[in-house]
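Have a look at the structure below, then the notes.
The values are calculated or read from the model by the stated rules, or taken from the named source; none is laboratory data. Because the structure is predicted, anything quoted here is derived from the model rather than measured. As a convention, Cβ positions derive from the backbone with ideal geometry for all residues, glycine included, and neighbour counts pool all protein chains shown.
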């Protein structure tokens, strides 16, 4: 029995696992509040105080003397007070003043719970939010009331056993807490009910009246709002409810506003040295126009702060009385000035009006789609100071009335004609921003078991917050528009984002502690993408994936790439990525990249080790049917149905040259061995030679009578062989372009499906539709031998590396192995139940790999012909196979739009596969998958050289993080697989571990559900990351 070392005592092999730690009451309380996600109303109150002018406590003295207020506060029969008044009349100031008055140190028999509704913030404008905020304030002051939450908490499944997303359920919980509260007096204050955008407001007010007013001496409700229809209908119908109208208390309000004006004039005098006379004139002018509105005074005084004293009176006189007229005057002034500045201001105000919460300065660029520097955004904010202001990094409306004006008829009449910018543009800007910014391990968490709490919040995570949370809500608002319908279509922005950035987006939401939003967004999408069945399937599958692994991802964000992926079905759409059939693939010369070309007109570059998509090269307007890496790996060439070739920088992905001269689609391309030339074969029946440095056309080789399907340079670069439909093979001088030989035979008129040079360049082998393989002398063009045994088209041929053997694959479902010198048939390999479309020798000649229409790859012993392994995983025909230069991997390309990378050594020894990869460290199965946009029809391994181009082979976890720990033995405890003292892989809770065993780099685990999983740990690769 092996022993283990490490900081924690590991479990010995075959021993029962340590039980999970006991859950305490405090643990449950924290889980309850975390799950509820209650708004912190104390923070909201402090923010409002910061935004408002300094609270004048004398300003609420008048209401303390109001008979209705007194009957409510001191009487035993009145339970509810409703204060109503127009915009800017000081209702929130009164609420804050009374909250702080009631909260002054008194006896412990009084508790105050409160909520401030804010229409500009989606988290503060729903009935659900109101009640959650009240609950949080209550339980923070009276800890024993958390029992009402604990009783409803399922500790096993870590969730509430009631629907706490329903405001009615929350109301029952809150009402229960009020009744159980031991305090003699409970004040419940809800400010600005009119800013709650919830259709159920009337129902809530009914419940308050019918079920919440039964203890008038103990529970005191205070509600404030503008005049509100639902409140007018439901409130003040009984003697237990009273109201105070600010408009009906004009005399008191006028005095308070005059006091406020005096205080503001003193501040301005201190700033600009008005002197007694000017200060009195300013006070008088303000009072004459204020119409007893605090906000009007505040906004005008804000303008006066930046005005010299000699312009103070004129400035006041220039503004009309009343808020609507004031906003109209300022808004029209904003339209004057430099067009770029005006555009920025208008775009900012429109975005703020449409946004679901206040934005911060780091987010603005992602919403408005204008790549402006922070200093420019600051200038816009200053220019729009009568509407918005900055508080810290947040940009907020100065008052709800400012937002109301901009969203209303008058504001829209100015905003809308200026430019078309709305929810559609915001949604697409958000997706573009996320696609650009999101990456694996977004904030560089140091360990696989790092939690969100260990994150260092930085500008990057702040900048993606709004876009990650709200892109779908903006999209839903305009789901029937042409722009959004296009985005929802196949290969549209939404489709592409979810297929390429889904996991990174979920990681981001986990880091933001907003993972629950993903479920809401996926539900929203399911309702709007019904015309795109594949995207609908992805959204539904992503939701199942998230629900299955929610707790894991929410706690340990990086486990989404390991534990969550491994314990998801291999058929899960969530494991998929881009979009279309792969027509060509190619390995880079060093084997690190794969390029794929697809019928979505793109070339994708992939990391060959991890399967990560590195870049998507766009520019073709037709299928990409051929790709190739230059011998030094610096360039990628692509040939397309759009009749062009394109040369790309393999490192940056930049387009270097576009080669145009073909008059029909390009079918195949090849670099010369020295990389100085590219040969292209086309349906226009020609081969063209191009200069790779300049892109100039050097020669056009004419001689075929039909489309050129295949092309190859000889190893010494002196000859080019081309295969055509119905005209066999032509041999050309690569320097002069002269036709040296037309390799034909009198009875061979089948189209050439595949050609290959021998390693020494002396021979060419071709496979044809006439069911034969032909061996040609590359120098003379003479037909040396015809190899006949297949009874259907020969689809693929290849030489062994030593040139002694030829392998052929046919539509007759067989693979034949031939002696290249004698032409004798050595072996017939049978086992496929579909056409054999691709074959290749391993570099050491020991193995042959074949790919078939039966969706499998088979590995054969080249000496004996015995079948060694069948690799299953593709869901459509295999079109291309290739060995890596070191022979350790096989790449397969398929019509299922994926490329899979198979670990041959692991395939030979692992009998049961359980998943894709555990990062780049745990090999849970023999293949790694690359999703492509089209089927793959050709492959060559440093890069996967495909008909789509070249793909680089290395990245998911490896590129994103390194782990600082000493590697020691493997062991398992508390559902974690440990390497030494460091937990690296989390097992799902429903996989209850019973026993495990370790042998070197292999780990086997037995579970109560009867399953046994085996893991192979690649310590060498893990060490590379540890030392990084």
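Just a few scattered comments:
- In the condition set (1) more than 16 Å from the chain's Cα centre (by Cα); (2) assigned to a loop (DSSP other than H, G, I, E, B), residue 453 is compliant with all but (2).
- Comparison of 652, 616 shows that the only residue that is within 33 Å of the chain's Cα centre (by Cα), in the same structural domain as residue 695 (by TED's automatic domain parsing) and not in a strand (DSSP E or B) is 652.
- You will find that of 77, 61, the residue that is on the phi < 0 side of the Ramachandran plot and modelled with pLDDT of 90 or more is 77 and no other.
- Selection from the range 561-579 of residues that are in a loop (DSSP other than H, G, I, E, B) and at pLDDT 70 or above: 562, 567
- Which numbered condition residue 292 misses (of (1) at pLDDT 80 or above; (2) surrounded by 21 or more Cβ atoms within 10 Å (Cβ to Cβ); (3) closer than 21 Å to residue 93 by Cα): (1)
- Residue 225 being crowded, with 16+ Cβ neighbours inside 10 Å, within 52 Å of the chain's Cα centre (by Cα), modelled with pLDDT under 90 and within 21 Å of residue 404 (Cα to Cα): no
- Here residue 435 meets each of (1) at pLDDT 85 or above; (2) within 18 Å of the chain's Cα centre (by Cα); (3) in a loop (DSSP other than H, G, I, E, B) with one exception, condition (3).
- Residue in the range 188-203 that is farther than 23 Å from residue 49 by Cβ and in contact with a strand residue (DSSP E or B) (Cβ under 9 Å, 6 or more places away or on another chain) present: no
- Test: residue in the range 594-608 that is closer than 25 Å to residue 560 by Cβ, touching a strand residue (DSSP E or B) at 6+ places or on another chain (Cβ under 8 Å), at pLDDT below 85 and surrounded by fewer than 24 Cβ atoms within 10 Å (Cβ to Cβ): no
- Options 344, 392: the member that is surrounded by fewer than 18 Cβ atoms within 10 Å (Cβ to Cβ), under 29 Å from the mean Cα position of the chain (by Cα) and not assigned by TED's automatic domain parsing to the domain that holds residue 47: 392
- Answer residue from the range 239-258, given it is at pLDDT 85 or above, touching a helix residue (DSSP H, G or I) at 6+ places or on another chain (Cβ under 9 Å) and surrounded by fewer than 18 Cβ atoms within 10 Å (Cβ to Cβ) and is farthest from residue 87 (Cα to Cα) among those: 240
- Pairs with Cβ under 6 Å, 6+ apart, first in the range 427-452 and over 17 Å from residue 563 (Cα atoms), second in a loop (DSSP other than H, G, I, E, B): 429/369; 443/455
- Search result, residues across the range 984-1004 that are at pLDDT 70 or above and surrounded by fewer than 20 Cβ atoms within 10 Å (Cβ to Cβ): 988, 989, 990, 991, 992
- Scan the range 390-423 for residues that are outside any helix (DSSP H, G or I) and within 24 Å of residue 361 (Cβ to Cβ) and the total you get is 13.
- Qualifying residue in the range 539-560 (condition: in contact with a strand residue (DSSP E or B) (Cβ under 6 Å, 6 or more places away or on another chain) and at pLDDT below 85): no
- Unique residue being in contact with a strand residue (DSSP E or B) (Cβ under 9 Å, 6 or more places away or on another chain) and either under 29 Å from residue 408 (Cα atoms) or assigned to a helix (DSSP H, G or I) (or both) when the list is 302, 271, 329: 302
- Residue within the range 214-221 that is buried (at least 19 other Cβ atoms within 10 Å of the Cβ), assigned to a loop (DSSP other than H, G, I, E, B), at pLDDT below 90 and in the same structural domain as residue 42 (by TED's automatic domain parsing) present: no
- One residue stands out among those in the range 691-719 that are within 42 Å of the chain's Cα centre (by Cα) and within 22 Å of residue 758 (Cβ to Cβ): the one that is surrounded by the most Cβ atoms within 10 Å (Cβ to Cβ), which is 711.
- Residues satisfying the stated conditions in the range 100-126, i.e. surrounded by 21 or more Cβ atoms within 10 Å (Cβ to Cβ) and in a helix (DSSP H, G or I): 124
- Residue check for residue 870: under 27 Å from residue 784 (Cβ atoms), touching a strand residue (DSSP E or B) at 6+ places or on another chain (Cβ under 6 Å) and surrounded by fewer than 19 Cβ atoms within 10 Å (Cβ to Cβ): no
- The condition of being touching a strand residue (DSSP E or B) at 6+ places or on another chain (Cβ under 7 Å), crowded, with 19+ Cβ neighbours inside 10 Å, at pLDDT below 90 and not assigned by TED's automatic domain parsing to the domain that holds residue 730 holds for only one of 764, 815, 806, that being 764.
Residues are listed down the side, and each one gets a yes or a no for (1) more than 15 Å from residue 31 (Cβ to Cβ); (2) modelled with pLDDT under 90:
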site: 129; (1), (2): yes, no
site: 149; (1), (2): no, no
site: 158; (1), (2): no, yes
site: 177; (1), (2): yes, no
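- At least 2 residues being closer than 20 Å to residue 712 by Cα is the threshold, and among the strands (runs of 3 or more DSSP E) wholly inside the range 793-866 those reaching it are 794-799, 805-810, 836-841.
- Selection from the range 79-91 of residues that are touching a helix residue (DSSP H, G or I) at 6+ places or on another chain (Cβ under 6 Å), within 26 Å of residue 239 (Cα to Cα) and surrounded by fewer than 23 Cβ atoms within 10 Å (Cβ to Cβ): 85
- Of residues in the range 19-54 being modelled with pLDDT under 85 and surrounded by 14 or more Cβ atoms within 10 Å (Cβ to Cβ), the one nearest to the chain's Cα centre (by Cα): 47
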